[in-house]
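Read through the structure below, which is laid out as structure tokens, and then see the notes.
No lab work stands behind these numbers, since they all come straight from the coordinates. Everything numeric here is computed off the predicted structure, so don't read it as measured data. Note: ideal-geometry Cβ built from the backbone for every residue, glycine included; neighbour counts use all protein chains shown.
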Amino acid sequence: MSSVVALDRLIDARRVWRGQVVPSSSGANFSTGHRFLDAVLPGSGWPKAALSEILTAAPGIGELSLLWPTIAKLTAAGERVVLVSPPHLPYPKAWIQASIDLRQLSLIQASGRDVLWAAEQCLRSGSCGAVLCWLRQADDRSLRRLQVAAGTGQTLAFAYRPLAEAANPSPAALRLVLESQPTQLRVIKCRGGLPPAQPLAFAWH
């Protein structure tokens with residue numbers, strides 16, 4: 001029969017190595033532009049060179065305005081931002097009012113597996129500041145390819161997915177659920193920390 005050994009004795013005997021928590025370095029993440037969200041995310045922002053998921057019940061409940069501050073900052077710096085297969089054509093006036101430079105915005109219309117392929121190629125290229133894609137269906141392997149591609153190209157990756165996918169595991173570094181009535185955000189996964197227990201109020205109008 002196996003015996004029970006106290007963990008502290010193993011550490012004292014140097015038979016188990018105790019890992020140290022490495023604090024996030026300055027600039028390790030990219031600010032979301034929303035103070036309430038930065039305050040609860042590890043690294044105080046979007047994980048750089050990684051995939052973030054935004055899960056929604058339906059389009060049009062503020063999911064774009066959640067990313068507008070980030071897109072505005074990137075385009076102002078001359079960074080290309082690519083939208084892959086959005087459900088509706090962007091309304092230019094609204095994007096301009098959000099201080100987004102439309103000259104740095106690219107739109108790719110795709111369907112089926114081509115959505116994932118296009119997003120992956122843009123991420124891997126390293127020529128974009130961020131890539132946003134709308135995924136109707138994506139398995140774990142496909143999401144992992146996007147995660148790896150984001151790391152390869154050192155690019156911010158965002159995937160909009162149906163709310164029903166919240167019940168399924170994902171390799172994304174960050175997963176947010178955007179709910180309506182009332183409009184609020186729930187962090188259900190964040191790499192490097194624990195999600196906050198309470199939802200976050202989100203006023204996007």
#### Entry: Selected from 97, 137, 109 as most flexible by GNM, with the chain as the system and alpha-carbon contacts under 10 Å
97
### Query
Net charge near residue 126, counting Lys/Arg +1 and Asp/Glu -1 over other residues with Cβ under 15 Å of its Cβ?
+1
### Query
Given that just one value was derived from the coordinates, which of (1) 17.1, 50; (2) 16.2, 55; (3) 19.1, 72 is Rg and Dmax of the Cα atoms in Å?
(3)
### Task
Run the quick spin-label model on residue 181 and residue 89: label points 7 Å from Cα toward the beta carbon, then report their separation in nm to one decimal.
3.1 nm
### Query
Tell me, what is the FRET efficiency for residue 163 and residue 117 to the nearest 0.05, using R0 = 25 angstrom and their Cβ-Cβ distance as r?
0.50
### Task
Identify the chymotrypsin sites (Phe, Trp or Tyr not before Pro) of the range 110-205 meeting these criteria: DSSP loop state and at most 15 other C-beta atoms within 10 Å of the C-beta.
204
### Message
If I build a Gaussian network model for the chain, linking alpha-carbon pairs within less than 10 angstrom, which residue out of 153, 193, 43 has the largest mean-square fluctuation?
### Response
193
### Task
Go ahead and estimate [θ] at 222 nm for the chain from helices alone: -39,500 (n - 2.57) per DSSP H run with n ≥ 4, summed, over the residue count, rounded to 500.
-7000 deg cm²/dmol
### Query
Under a Cβ-Cβ cut-off of 12 Å, what is the net charge of the residues other than residue 148 that fall near it, where Lys and Arg count +1 and Asp and Glu count -1?
+3
### Query
GNM on the chain, C-alpha springs below 10 Å: top fluctuator among 194, 178, 135?
194
